[in-house]
Amino acid sequence: MLHELAHYFDLEARKGGMSLSPGAGGTVPWPEAIAAEYERHDFAASLLPAYAAQNEAEFFAVASEVFFENPRPLRQAHPGLYAVLAAFYRQELQDVPDQGQGRVYRLQGKRSWRERKKIRAERGKAKIKRNRAGGTAGDRPETE
Ligand SMILES: [Zn+2]
């Protein structure tokens, strides 16, 4: 399911001409950003299942599964790939500071007011849930 969604998002990003901006200045078109990660990925020493080596599209779909299911080990093993996926999905692990990889990617473009409203509502709900549970959301990826 997640895998198929990732394929869909990938296609939409390509159609929509999405770009990521690595650190200060300059933008990288989405297809180039993921292609670069695919090219330099060491599949022999990879956290990703072997199927990821098939092609760029499968690489992204498989990496997306790992990103959502096992973000911490992925960041540990493949920080560059992790940074690209975090920018793509606008998701970042909350409680661990970035290790200064110098490859922080940010999404280009602004969210619509509708998106922002939804995000605020979701954050509010999550906060209420956390307060009720009496704990912190330390171990969860931020649901932005
Ligand atoms: Zn696939």
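Backbone geometry of region 48-57 corresponds, through the Karplus equation with coefficients 6.51, -1.76 and 1.60 at θ = phi - 60°, to 3J(HN,Hα) couplings of 7, x, 4, 4, 4, 6, 3, 6, 4, 5 Hz, x marking Gly and Pro. Backbone phi angles across region 64-70, fed through the Karplus curve with coefficients 6.51, -1.76 and 1.60 (θ = phi - 60°), yield HN-Hα couplings of 5, 4, 5, 4, 7, 8, 9 Hz in residue order; Gly and Pro are listed as x. Label-to-label distance for residue 76 and residue 115 is 3.2 nm, based on points extended 7 Å past Cα in the beta-carbon direction. Near residue 28, the amide H atoms lying under 5 Å from its own belong to 20, 21; only residues 5 or more places off or on other chains count, and H is placed 1.01 Å from N.
Every number here is computed from the coordinates shown, using simple stated rules; none is lab data. Remember, predicted model here, so these are calculated numbers, not experimental data. Ideal geometry is used to build each Cβ from the backbone, glycine not excepted, and the neighbour counts take in all protein chains shown.
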